[in-house]
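The values are calculated or read from the model by the stated rules, or taken from the named source; none is laboratory data. Note that the structure is a prediction, hence the values are computed from the model and not measured. Note that we place each Cβ from the backbone using ideal geometry, even for glycine, and neighbour counts take in every protein chain shown.
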Amino acid sequence: MKKLITFIIIILSVIPIYGKKINYKSSCVYYYLPLDECLDSRGFLNFEYATLKGPNFWALIFLDNGDVLFENNTWGSLNYGMVSNYQTVNYTRQQAINYLNRWLNFYNDIAKDDRKYRYDGYSTSYYYYGVETEFEACSDLNIDPDILKNGDKVDLYYTFGYSTDNIKKNIFITKDRKTILLCPSDQKPCLDEVEGKANYTIFIRFDINYYLPK
């Protein structure tokens with residue numbers, strides 16, 4: 001009997017994380033907001049200010065094979081919804097957490113299923129790990145050097161563009177995972193000299209508790 005119990009424990013211990021569920025506090029999950037939405041009238045980073053506006057938040061999910069998902073959702077989805085009798089109510093904190101956990105696992109599970117059939121990225125915003133590299137952008141890039149600057153070590157991920165409006169994009173993630181830059185894969189992050197528009201979006205990591213009901 002002891003040998004049987006030991007065998008069962010060993011089998012359970014080696015089952016890959018592939019079959020496990022994640023939750024909103026899992027170490028493989030990080031949350032982000034667009035940097036522009038987090039700057040107050042003085043140009044300072046202010047997450048409370050961003051929360052008042054309620055822009056979409058983004059979840060970065062690290063998969064067991066080293067690739068990532070980068071999905072977005074709304075502020076409202078964490079604050080109200082249908083729980084019974086098809087009536088929309090204001091969520092309690094626990095109801096919001098339950099929803100967030102379901103949402104994270106929905107995309108995590110889809111990504112796993114797609115991988116079985118080599119359909120990576122058809123159903124999710126799936127990014128393949130590329131390489132560790134030094135960040136390089138145009139010299140006129142208007143980014144606070146404390147957030148991201150040329151020469152910083154970053155991890156580069158890329159996508160085939162199936163779920164990103166058919167535009168192939170790269171994700172640069174700083175080593176501390178505090179900053180993400182997203183831009184078209186065939187372009188260097190730059191500002192348009194004529195229109196002054198950026199071809200990139202910067203995301204800043206934030207605490208999801210800002211968005212959850214108190």
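Among the residues of region 69-98, count how many are surrounded by 19 or more Cβ atoms within 10 Å (Cβ to Cβ) and touching a strand residue (DSSP E or B) at 6+ places or on another chain (Cβ under 7 Å).
Keep residues of region 69-98 that are surrounded by 19 or more Cβ atoms within 10 Å (Cβ to Cβ), which gives 69-71, 78, 91, 96.
With the extra rule that they be touching a strand residue (DSSP E or B) at 6+ places or on another chain (Cβ under 7 Å), the set shrinks to 69-71, 91.
Final tally of qualifying residues: 4.
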Restricting the search to region 87-133, which residues are among the acidic types (Asp, Glu) and closer than 16 Å to ASP64 by Cα? ASP109, ASP113, ASP114, ASP120
Could you please give the count of residues in region 38-53 that are in contact with an Asp or Glu (Cβ under 7 Å, 6 or more places away or on another chain) and surrounded by 14 or more Cβ atoms within 10 Å (Cβ to Cβ)? 3
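Does region 54-61 contain any residue that is surrounded by fewer than 19 Cβ atoms within 10 Å (Cβ to Cβ) and under 13 Å from the mean Cα position of the chain (by Cα)? I'd like the intermediate steps shown before the answer.
Residues of region 54-61 surrounded by fewer than 19 Cβ atoms within 10 Å (Cβ to Cβ): 54-56.
With the extra rule that they be under 13 Å from the mean Cα position of the chain (by Cα), the set shrinks to 56.
Yes, region 54-61 has at least one match.
Which count do you get for residues in region 37-73 that are charged (D, E, K, R), closer than 23 Å to LEU156 by Cα and free of Cβ contacts under 8 Å to residues at least 60 places away in the same chain? Give the steps one after another, and end with the answer.
Here is the first cut: in region 37-73, the ones charged (D, E, K, R) are 37, 40, 42, 48, 53, 64, 67, 71.
Retained after the next criterion (residues that are closer than 23 Å to LEU156 by Cα): 64, 67, 71.
Now drop any that are not free of Cβ contacts under 8 Å to residues at least 60 places away in the same chain, which leaves 64, 71.
Count: 2.
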For region 106-214, give me every one of the strands (runs of 3 or more DSSP E) that falls completely inside it and has 1 or more residues that are in contact with a helix residue (DSSP H, G or I) (Cβ under 6 Å, 6 or more places away or on another chain), modelled with pLDDT of 95 or more and surrounded by 12 or more Cβ atoms within 10 Å (Cβ to Cβ). 201-205
